[in-house]
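To start, the structure under review is shown below, and the notes come after it.
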Amino acid sequence: MEMIRVNLSSNSYNIYIDTGLLERIGDTLVKEKAPCKTLLITDTNIEKVYGSIVTESLKRNKFDVRLVSLQPGEEQKTLGTACILYDACFDHKLDRNALIVALGGGVVGDISGFVASTFMRGIPFIQIPTSLLAQVDSSIGGKVAVNHPKGKNMIGSFYQPKAVFIDTDTLSTLPAVEFVVGLVEVIKYGVIRNAELFEYIEKHLYDILQLDHTALLKIIADSCQIKTSVVEEDEKEVYLRAILNYGHTIGHAIETLTNYNKYRHGEAIAIGMLYATKIAIEIGLTNNKVYERQLSLIKRLGLPLTIDLKPGDIVKTLYTDKKVISGKLRFILPKKIGEVIISDEVTEEILYKILNAPL
Ligand code: ADP
Ligand code: ZN
């Protein structure tokens, strides 16, 4: 078992990574929190495979559990669904000492955290992320939210879980395409902070895709470690945390312009990383090799490399991102594999030049 401590003064917590963790979840959790009223939130896909394993383990350890299952999918991440979950909190008589358990991918984690952060002004919650994306990204860092018709994740807050339990076995039932898009965020961590991780993925991609335990433990633990260290330094995204948005500036514009239904998040981010690297080459910050290495990995994952969008529309959309501060576009640009800079100096001229050429 790997354990990573997230040091955020009074909001500190542990991330546990292991196989077979779900069966032991109650036994492990009881060391962190006394048995209590517990609302286990999941979606119907995940309930089918893991609902009873988790419920039984919690019950064996005297947690008074009720399970609520959402329909799968991003469309569920609304205030309306949050209200249904508040009703479940009342029905099950949760109090300030109760617990919300999020068992699932990013959708379940985000909305469960949001409900936990607002019910009675905040009750304890833990995350059991079951998708690779949630394990390496959304379950760590305390961003919780629901969507609004005007924008994704627009209604939310920063609210840290009491613990995160990552069972690598859950990846065996995750659809392969979901695994691959999660891997893009792992590659991102390599580029922004850890050249050795990037190299490891290049060398061991086959093992990773075969879900080899050692390989999974390595890439997930490294990713969690990188995200943790960035979040520890800048919990509320004042500055440094922005490096986690490498690939996301153009990536988000692609997602927005295609109404979030043509590209999966990881697919859009992969394209965004390549464009960001092209910008870095254009301004003389990095060299072609840095581009080629990322391109090669992304190709090996079989991810799309074309976008049928007008550069003008992309540039216009960049300004609508909620991360735009005082009208300035912010780009995260690689200097080399393992190191990025935050730049507010990318001109529209450069953007047009880059976006007009194929990847
Ligand atoms: P993400 O985690 O990518 O942000 P979701 O929460 O929508 O997004 O999860 C992606 C999809 O994968 C959903 O349909 C969800 O039900 C499914 N899923 C998540 N984890 C697992 C798993 N371990 N086994 C099977 N299906 C899963
Ligand atoms: Zn992302």
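Structural remarks
- Separation in nanometres of the label points that stand 7 Å from Cα toward Cβ, at LYS31 and ASP234: 3.4 nm
- Pairs from the list LYS62/LYS152; LYS150/LYS323; LYS77/LYS236 with a Cα-Cα gap above 26 Å: LYS62/LYS152.
- Per-selection Kirkwood Rh - the chain (Cα, Å, 1 d.p.): 20.8 Å
- Residues of region 29-72 with amide N under 13 Å of a point placed 7 Å along Cα→Cβ from GLU23: 53-54, 57
- Rounded to 5, percent antiparallel among DSSP beta bridges of the chain: 40 percent
- Computed over region 2-172, the P(r) curve from all C-alpha pair distances, binned at 5 Å from the origin, holds 2, 9, 20, 24, 23, 15, 6, 1, 0 percent per bin.
- Angle between the chain longest axis and helix 106-118 axis [Cα atoms, degrees, rounded to 10]: 60 degrees
- 5 Å-binned pair-distance histogram of region 88-167 (Cα, whole percent): 3, 18, 28, 24, 17, 9, 2
- Proximal lysines to LYS353, defined as alpha-carbon separation beneath 18 angstrom and excluding residues fewer than eight positions away on the same chain: LYS278, LYS310, LYS316
- Euclidean distance of C-alpha centroids, region 238-298 and region 38-104, integer Å: 35 Å
- For region 335-346, 3J(HN,Hα) per residue [Karplus equation, 6.51 cos²θ - 1.76 cosθ + 1.60, θ = phi - 60°, Hz, x = Gly/Pro]: 8, 8, 5, x, 8, 10, 10, 9, 10, 9, 10, 6
- Of the residues SER138, VAL177, ALA116, the one whose Cα sits farthest toward the positive end of the charge dipole of region 85-186, with +1 on the Cβ of Lys and Arg and -1 on the Cβ of Asp and Glu, is ALA116.
- Diffusion constant of region 49-95 at 37 °C, which comes from Stokes-Einstein with the Kirkwood Cα-pair radius and 0.692 mPa s, µm²/s: 268 µm²/s
- With the simple spin-label model, which puts each label point 7 Å out from Cα in the Cβ direction, the LYS310 to LYS323 separation comes to 2.6 nm.
- q = 0.11, 0.17 Å⁻¹, region 176-355: log10 I(q)/I(0) [Debye, one scatterer per Cα]: -0.44, -1.10
Values in this text are rule-based calculations from the coordinates and carry no lab data. The shown structure was predicted, so the numbers you read here are calculated from the model rather than taken from an experiment. A quick note on method: Cβ atoms are made from the backbone with ideal geometry, for glycine too, and the neighbour counts reach across all protein chains shown.
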